1. Under 10 Å, Cα contacts only: if you run a Gaussian network model on the chain, which one of 191, 90, 168 comes out with the highest mean-square fluctuation?
2. To the nearest 500 deg cm²/dmol, what mean residue ellipticity at 222 nm is calculated for the chain from DSSP H runs of n ≥ 4 alone, each contributing -39,500 (n - 2.57), summed and divided by the residues?
3. Return one number: the angle in degrees, 0 to 90 and rounded to the nearest 10, between the long axis of the Cα atoms of helix 2-34 and the longest principal axis of the Cα atoms of the chain.
4. Students often forget the sequence filter, so: which lysines lie under 20 Å Cα-Cα from residue 159 once same-chain residues fewer than 8 apart are removed?
5. Provide the per-residue ³J(HN,Hα) series for the stretch 71-81, in order, calculated from phi with Karplus coefficients 6.51, -1.76, 1.60 and θ = phi - 60°, each as a whole number of Hz, with x at glycine and proline positions.
6. Run the reach check for residue 234 against aspartates and glutamates, Cα to Cα strictly under 16 Å, same-chain hits fewer than 8 apart removed. What comes back?
7. Dipole of the chain, Cα-centred, from +1 at each Lys and Arg C-beta and -1 at each Asp and Glu C-beta, to the nearest 20 debye?
8. Report the charge-dipole magnitude of the stretch 128-244 in Debye, nearest 20, computed about the Cα centre from +1 at each Lys and Arg Cβ and -1 at each Asp and Glu Cβ.
Amino acid sequence: MAARRLARVRRVAVALIVVIVTSVAVISGAGAASSPPTPARAVTFVNNTRQPIWVAATPGSVTGQTGWVVTAGQSVTVHVANNYNGRIWGRTGCQFNASGHGHCQTGDCGGLFQCAGWGQIPATLAEYDLDAWDHLDFYDVSMVDGSNLPMYINTVGGKTKDKINASGCEQGHGCTTTVKCPSALQVHTGGHVVACISPCARFGTDRYCCRGQYGGPTCNPATTWPIDYAKVFKRAEPYAYSWSGDNATSVFTCTGACGYRIVFGVTPPAVGGPPG
């Protein structure tokens, strides 16, 4: 009899433990489900040129989009992941059919409106590595492969003072202007200059591409390049990457919940466009 009572007590105890453990699991699960997701970041594309721009991104927004059209004088806001690590650029001279297939004169992305992969060079890039080391955002404008549109980036919110003002100027360095492209680097379509390609992409030499005996810290456009073409890009956008080693004046950071404003255009009152 005592043995049967003890067995019954054990069964009741086990049942209680199961109920308690299950309840804790349900409560914990409910708590996890109600935890707020990591907030997305707002990125606004502003078109201050006279032509439509087909913006592309890889990877894309939180909705999965990788292509947007922004008409002249308008803006479009999208959201990207808090830890976004990618590039954004503008495409020009595009024509797409109803299924999103077509072609762009610059920045083309495999003939697709919704981009898949990196675009065709030359294209001015906005590059991002958000919530990276020590929760810092790193971002830059890059013309390492060349330029098809003027571009500058402003931060929105966050805890870091923006070094580039709303007109695209950096104090002590200069403002955003159109790239004055030398004939040796010009890219033409239909008899018009539509972009300015990098000397590495145009000539493919070790000197211009900073490789081989000219690689690493020995590479310097002022001393090892036959012609210092980096100045062409740096004069137009003093805050941007003008060549692959142009780190000191070209990488920016932001802390906090930073949003971003990517402006396609030059410092007002001028209106920017493709390199001339």
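1. Highest fluctuation of the listed residues: 191.
2. -5500 deg cm²/dmol
3. Tilt of helix 2-34: around 20 degrees.
4. Filter leaves no residues.
5. In residue order, the calculated couplings are 6, 4, x, 10, 9, 9, 10, 10, 10, 10, 4 Hz.
6. Within the straight-line cut-off, residue 234 pairs with 140, 145, 170, 246.
7. 1220 debye
8. 480 debye
Throughout, read-outs are computed from the coordinates displayed, never taken from laboratory work. All values reported here derive from a predicted model rather than from experimental measurement. Positions of Cβ are generated from backbone atoms using ideal geometry, with glycine treated the same way; all protein chains shown enter the neighbour counts.
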